[in-house]
Amino acid sequence: MKKIIIYIFIIVACGYAVREIIYGGLRENKFGIFDKYNTIFLKSNNYETLIIGSSRAESHFNCRIIDSVLKTNSYNIGIQGSSLPFSLDVFSAYLENSKFPRNIIFNIDYHINACDNDTVFMYPRYFPYLSNKTLFKALEKRDKRFFGFRYFPYYSLAFMGDNYFSAAMRGFFDMPGQYDKDYYKGSTPIKDVKWKYKPYYACDEAVMYDRIDSIAAICKRHNANLFLVLSPNYSKASGQILNGVSLIQKLKEKAISNNVVLLDYNSDNLCNDSVLFADPYHMNEKGANLFTKKFSEDLRAIWKK
Amino acid sequence: MLFNSFPFFIFLPIAFIFYWLLNDKYRWILLLAASYYFYSGWGLWYVMLLASTTIIDYFIALQIEKAVSKQKKKLFLIISLSCNLLVLLGFKYFTFLFNSGAFLMQHFDNNEVHYLAQIVIPVGLSFYTFQSIAYSIDVYRGEVIPEKNIARFALFVSFFPQLVAGPVERFNNLMPQLKKRTNFVFEMLFPAIRIAVWGFFKKMVIADRLAEMVDPIFKNIHLYSGSTLLFAGFLFAVQVYCDFSGYTDIATGVAKLFGIQLSLNWRRPLLSSSLIEFWKRNHISITSWFRNYLYIPLGGNKVSYGRWLFNIFLVFLISGLWHGASWTFVLWGAMHGVLYCIELVFNKKFPNLKWRFGLGHVYLLLFHTVSIIAFRAASSVDLFVIYHKIISSFNIGLLGKEVFSLSDTFSILFSLGMILFLFMKELQEETSFIRIPTVIFSNYFRPAFYICLFISIFLFGNFNSNQFIYFRF
């Protein structure tokens, strides 16, 4: 019996130790996705301009161009697969350790067909950052298993796999992974994939408008500038959003009522050129650079005013 | 319910705790209920089928015992065999036979024919029907006294650790253990957990990772060179071994938790140096089943030399068909049958000839690799395409490029490293080339080794796999 208790203790202790080693390695990453997550959820930052949103924000706004055109210090906290409410939760988690930015560029994903859902895309990526209370609360609200992921090492390890192990080792040895070098201050281009789109109704739920109200109010309280952006979708895909026109109109009204600027690029010429898109809703590197330049110049003009 | 599924990790501790808490008179009842509950995870129809064949075999076995004349005994045995084989035929072979017939018809008169879609084979059907057949034959031969309690007999057929993928247990080995009243001692936990952990490691860390490399190659055979296809065959051979022997190890470990010792099913077959040796080490329970219930009734070695070789070939052919209802499996059986006979003839002609410098091991691995591709090929046509490519477009230069395009470098190197680790572990078991003092070994080295394995399962194991290869057999 004594032997069994000792073994159980060793196994449990080893579980925690191994998990901490892996998390330690991931937190040591100075390149790529984990460097970005470290910045958002752990580090203390003081960026002047912050880009919020989903993968569209992550891929469409190149911080190198924004910094050079606007002479600002920006960071892109757009996260793949995040819904509009989750993007704002990520922003709140960012604020747990960092200063409130002066400018917030919020790319609204109006094209998605559900404003929020209970699943978190690639959820093991968040495991090393569950000490960030705001993030943990946001994740646990969506997926109850996060309690187990935080406190039971073998439960979380089972969902991670060797990709995380190799990323942790890369972190310890300062070696960038295959796609890590594509990241610059949180922004990264998207590679071309096969296209597919069909008619559908996009998200038109109260939660989307409520969240826009709430972030506008928070920005006002912190004396920060909020810019709502509808970055380009491929025009033929936009045409498939059956309630697209009325939705954009509602968003514009929402911007006016909150007294914030909304920049809509869905009628821009960029939307017509399929060569600039990796898929119907994501521009490729070339398209993203053209868009970021255009957007930065527009924003500079607004700032000048 | 799969061994590597979350429900099983809830089910097992509950069954284990209640089993040992219960009065030893009633433990077997709990084990029976647990076994049927375990099997019901695949569907109630499957449970009904299992229960039906159990009831039939139970009553027929009693009739065999009661029958006075040999002819009557034989008649009841034939009824039992027919029932079991009909179930196997209906679920496993009907579609194969129908479609083969339809294919022939199409060639004789050019009319369009309709092929049947494969019926879902009840999980473990081949295993428990073979166990029941063995029981009926043993009763007929007078080697066992039939069980009088139907529920106990049902437990023999359905004992959950070995129900769905063996080992196929003999009545004389399993039933006395199921009846024996034992007390729980903590020391019995350690070997049980050790063997189960090693089984989980083989299944989840080696087999399932190799599957991620093997599957894309065999799904797109036209994209790969012959050298890569042959290499994929080797990986598949290791995958099948780790998948199936991993299952057996888990089953053995789980059975040990209930004080039951299952029979040895695998004895490091990939370290064999000839096909004859391979079949003494590989899937031992089913090999001995074929020897006892097919090869010996055919006359064994007490027939003419030519007939003896033919019997062996026939046994391998049927064994191939047992593995799967497809011509590729028949071909696999034929390949093994032919080579086994060649080895026998060779050994007779040159009794003192010995393979040197590991050549026997290389020969066996190469043959096993080539033949097991028949297990994995989607169809006979695919199989011939693969063999043709291995001969005609064997380009070793393309191997590295094609293999490393499958996944990231770390993942591939790790999987290949795991094969080396498996080889070293098996070699150590076989030859004890590393000698560690017993006290250090049992107090420190062995616990540390298995704790590392346990952690590795969580670190590198594939928790998304939902199949064991041998379930389909």
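The values are calculated or read from the model by the stated rules, or taken from the named source; none is laboratory data. The structure displayed is predicted, hence computed values, not measured ones. All Cβ positions, even for glycine, are placed from backbone atoms using ideal geometry, and neighbour counts span all protein chains on display. Just so you know, the surface numbers come from the protein's heavy atoms only, side chains and all, with ligands and any DNA or RNA stripped out. Shrake-Rupley method; radii C 1.70, N 1.55, O 1.52, S 1.80 Å.
Brief remarks on what is shown
- Computed FRET value (nearest 0.05) for A:Ile21 with B:Ser405, which takes r as the C-beta separation and R₀ as 41 Å: 0.85
- The simple Förster model, with R0 at 56 Å and r as the Cβ-Cβ distance, assigns B:Leu416 and A:Asp192 a FRET efficiency of 0.95.
- Every Cα-Cα pair in the stretch B:64-125 was counted, and those over 16 Å apart are 61% of them.
- For A:Lys99, a cut-off of 20 angstrom between C-alpha atoms picks up these aspartates and glutamates, skipping any fewer than 8 places away in its own chain: A:Asp35, A:Glu48, A:Asp67, A:Asp89.
- Antiparallel bridges, percent of DSSP beta bridges restricted to the stretch A:44-202 (to nearest 5): 10 percent
- Beta bridges assigned by DSSP with both partners in the protein assembly as shown are antiparallel in approximately 15 percent of cases.
- Cα-based reach from A:Lys144 at 16 Å (exclusive), listing lysines while leaving out same-chain residues under 8 positions away: A:Lys133
- Inter-centroid distance (Cα atoms) of the stretch A:197-218 relative to the stretch B:70-95, Å: 66 Å
- Each part reduced to its alpha carbon centroid, the stretch B:326-352 and the stretch B:409-459 end up 34 Å apart.
- For the stretch A:55-117, taking Cα atoms only, Rg and Dmax work out to 12.5, 37 Å respectively.
- Surrounding net charge for B:Gly199, when Lys and Arg each add one and Asp and Glu each subtract one, Cβ distance under 11 Å: +1
- Placing pseudo-labels 7 Å out from each Cα toward the beta carbon at A:Asp174 and B:Val303 gives an inter-label distance of 7.4 nm.
- Inverse mean reciprocal Cα-Cα distance (Kirkwood Rh) of the stretch B:250-369, Å: 15.8 Å
- Taking a Cβ cut-off of under 10 Å around B:Asn282, the surrounding Lys, Arg, Asp and Glu residues balance to a net charge of +3, with basic ones at +1 and acidic ones at -1.
- Maximal additional length on extending the B:Glu65-B:Asn173 stretch stands at 36.9 nm, based on 0.36 nm per residue less the C-alpha distance.
- Considering only beta bridges that DSSP places wholly inside chain A, some 15 percent are antiparallel.
- Dipole axis of the protein assembly as shown (+1 Lys, Arg; -1 Asp, Glu on Cβ), positive-most option in B:Tyr305, A:Pro199, B:Pro167: B:Tyr305
- If you run the Gaussian network model on chain A, springs between alpha carbon atoms under 10 Å, then out of A:Gln80, A:Gln240, A:Gln249 the most flexible one is A:Gln249.
- Alpha carbon convex hull of the stretch B:6-184, projected area averaged over orientations, nm²: 13.2 nm²
- Of A:Lys36/A:Lys294; A:Lys196/A:Lys236; A:Lys43/A:Lys185, those spanning more than 19 Å from alpha-carbon to alpha-carbon: A:Lys36/A:Lys294
- Rg and Dmax of the stretch B:267-324, based on Cα coordinates, read 11.9, 33 Å.
- At R0 = 45 Å, FRET efficiency that the Cβ-Cβ distance of B:Arg152 and A:Ile4 yields, to 0.05: 0.90
- Checking the Cα-Cα distances for B:Lys280/B:Lys401; A:Lys220/A:Lys305; B:Lys202/B:Lys280 against a 27 Å cut-off, the pairs over it are B:Lys280/B:Lys401.
- Rounded to 10°, Cα long-axis angle of helix A:32-41 versus longest principal axis of chain A: 90 degrees
- For the stretch A:10-21, backbone phi angles converted through the Karplus equation (6.51, -1.76, 1.60; θ = phi - 60°) give residue-by-residue couplings of 4, 5, 5, 4, 4, x, 5, 5, 4, 4, 5, 5 Hz, Gly and Pro being listed as x.
- Multiplying each eigenvalue of the alpha-carbon gyration tensor of chain B by 5 and taking the square root yields semi-axes of 35, 31, 23 Å, largest first, rounded to whole angstroms.
- The distance between label points at A:Ile11 and B:Ile451 comes to 1.2 nm (points 7 Å beyond Cα on the Cα→Cβ vector).
- The residues neighbouring A:Lys191, those whose beta-carbon lies less than 11 Å from its own, together hold a net charge of -4 under the Lys/Arg +1, Asp/Glu -1 convention.
- Kirkwood-Stokes translational diffusion coefficient of the stretch A:172-305, alpha-carbon pairs, 25 °C, 0.890 mPa s, µm²/s: 144 µm²/s
- Segment B:Glu112-B:Lys219, length gained on full extension (0.36 nm per residue, minus Cα span): 35.7 nm
- Apolar share of the accessible surface for the protein assembly as shown: 64 percent from carbon plus sulfur atoms, 1.4 Å probe.
- Positive-end extreme of charge dipole, chain B - chosen from B:Cys242, B:His107, B:Ile150 (charges on Cβ): B:Ile150
- If you look at the Cα atoms of the stretch A:208-249, you get an Rg and a Dmax of 13.8, 40 Å.
- Note on chain A: semi-axes of the ellipsoid equivalent to its C-alpha gyration tensor, largest first and rounded to whole Å, are 36, 20, 20.
- Near the amide H of A:Ser98, within less than 5 Å, lie the amide hydrogens of A:Asn45, all on another chain or at least 5 residues away, with H placed in the peptide plane.
- Annotation: amide H of A:Ser187 within the under-5 Å range of A:Cys63, A:Asn76, sequence separation 5 or more or interchain, hydrogens built in the peptide plane.
- Close Lys pairs in the stretch B:6-184 (alpha-carbon distance under 20 Å; sequence gap of 8 or more, or different chains): 9.
- Cα-Cα pairs of the protein assembly as shown separated by more than 46 Å (percent): 39 percent
- Near the amide H of A:Asn225, within less than 5 Å, lie the amide hydrogens of A:Asn103, A:Ile104, all on another chain or at least 5 residues away, with H placed in the peptide plane.
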